[in-house]
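Here's the structure we're looking at; comments come further down.
Taken together, the values in this text are just the output of simple stated rules run on the coordinates, not laboratory data. Remember, it's a predicted structure, so these values are computed and weren't measured experimentally. Heads up, the Cβs are rebuilt from the backbone with ideal geometry, glycines too, and the neighbour counts pull from every protein chain shown.
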Amino acid sequence: MRLTIGTAAAAGLLALLALPYTPAHADAWPQRPVRMIVPLGAGSATDLTARLFADRLAARWGQPVIVDNRPGGDGIIALSAFVGTTDDHTLLVSYNGPITVNPVTHSKLPYDPSVDLVPLSLVSDVFVGIAATASLKINSLSDLAARARLEPGKLNWAPTPGGGYFVFAGFQKSADLPMVQVPYRDITQALGDLAEGRIHVMIASLAILMPQVQTGRVKLLAVTNQRRAPIAPDVPTVGEAGYPQLLLNGFTGVFASPQMPPERRERISADIQAVATDPVLRDRLAAAGQAARGSTAHELAAIVAEQRAHIERTATALGLKP
């Protein structure tokens, strides 16, 4: 069949319309390696999550995604580094402490989470546990409270920065437990001391605790989350154990600078949500005591606001001051 000029032009137009649409102003980001600042050291739950997502996002973006660990200072070191950069190829991957707890427990901060951090997406729900060295021979939070009162000042504890410190300090105050806090720059270093009995109690993510729990050298007493952890289904929540004031749901989220264009933030959030459905990633996180979970920016912002309000109410009720 012969095509006239008109019909040929129409056929060509239809062929063009069938092609994928790519706007002329399409965001070419990233144009170089992307950096993820993480406020905890290698081996932490946040570090594991960041590295799993970094690998898969690098494959989607066609650029390396580098994890930059900045542990110490309740996350303030990492947050200061993040807000101090205007590089639109830098993201923050943070646990909840520096975002929701620090504004309540620190009188002055070099950053304002509500101004300097723009939520992009959740990446995981983090299960947090309270554990004791096996040599202490206790099996519950009630046992711990009784032992601390029986031997005032002899038991010590180490917290994860931020939320871990907050909930256990509140527990001490409300239950009148004379225990000594042992500070660590990097909480992962405390695990060996817990296993050896040099510290008695530790509050940290299950990603950190479970390897020693599985050896039998550490006893998991409870989880601070609202629901039991699938990796430790026989371990009660703090509410079930009779200490609801210890409730704190851990999470890990990704945040951007407010200077990043909204359309770019939306694209990164969508990519993170897609990666969160990866079955291998989900299995890896589940084995480490987490649950992969993507979200919209608005959902993460709502979770941050709700937890911040909960912490402020709890701090007021317990009389805790920065």
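Note on the chain: percent of Cα-Cα distances in each 20 Å bin, starting at 0 and stopping at the bin with the largest distance, equals 31, 50, 13, 5, 1. Rounded to the nearest 20, the Cβ-based charge dipole of segment 128-246 about its Cα centre (Lys and Arg +1, Asp and Glu -1) stands at 60 debye. Extending 7 Å from Cα along the Cβ direction at Arg267 and again at Val182 yields two label points whose distance is 4.9 nm. Basic side chains Lys and Arg get +1 at the Cβ, acidic Asp and Glu get -1 at the Cβ, and with that the dipole of the chain about its Cα centre reaches some 320 debye. Classify segment 249-322 as rounded, prolate or oblate from the Cα gyration tensor: take a ≥ b ≥ c as the square roots of its eigenvalues, call it rounded if a/c is under 1.5, otherwise prolate when a/b beats b/c and oblate if not. Cα axes put segment 249-322 in the oblate bin. Panel values: segment 106-233, Kirkwood radius from alpha carbon pairs, Stokes-Einstein at 37 °C and 0.692 mPa s, translational diffusion coefficient 211 µm²/s. In straight-distance terms, cross-link reach from Lys173 covers every one of the lysines whose alpha-carbon lies under 22 Å from its own, apart from those fewer than eight places away in the same chain; here that gives Lys154, Lys321.
Placing a label point 7 Å from the Cα of Ala28 along the Cα-to-Cβ direction, the residues of segment 86-124 whose backbone N falls under 17 Å of that point are 88-89. Which percent of the Cα-Cα distances in segment 143-188 go past 16 Å? Of all Cα-Cα pairs in segment 143-188, 35 percent lie more than 16 Å apart. All other residues whose Cβ lies under 14 angstrom from that of Pro64 are scored, Lys and Arg at +1 and Asp and Glu at -1, for a net of +3. Listed values for segment 314-322 are Karplus-derived 3J(HN,Hα) couplings in whole Hz (6.51 cos²θ - 1.76 cosθ + 1.60, θ = phi - 60°), namely 5, 4, 5, 5, 8, x, 7, 10, x, and x replaces Gly and Pro. Between Ala286 and Ser174, the modelled labels are 3.2 nm apart [label points 7 Å from Cα along Cα→Cβ]. For Lys321 and Lys154, the difference between the fully extended length at 0.36 nm per residue and the C-alpha to C-alpha distance is 57.6 nm. Across segment 124-132, rounded Karplus estimates of 3J(HN,Hα) from the backbone phi angles (6.51 cos²θ - 1.76 cosθ + 1.60, θ = phi - 60°) give 6, 8, 10, 8, 10, x, 10, 10, 10 Hz, Gly and Pro being marked x.
Within the shell of other residues whose beta carbon sits under 11 angstrom from the beta carbon of Gly43, the net charge comes to -1, with Lys and Arg scored +1 and Asp and Glu -1. Geometric descriptor of segment 166-271, per residue, is 159 Å³ (volume of the convex hull of the Cα atoms). Taking 1.567 mPa s as the viscosity and 4 °C as the temperature, the Stokes-Einstein diffusion coefficient of segment 157-214 based on its alpha-carbon Kirkwood radius rounds to 111 µm²/s.
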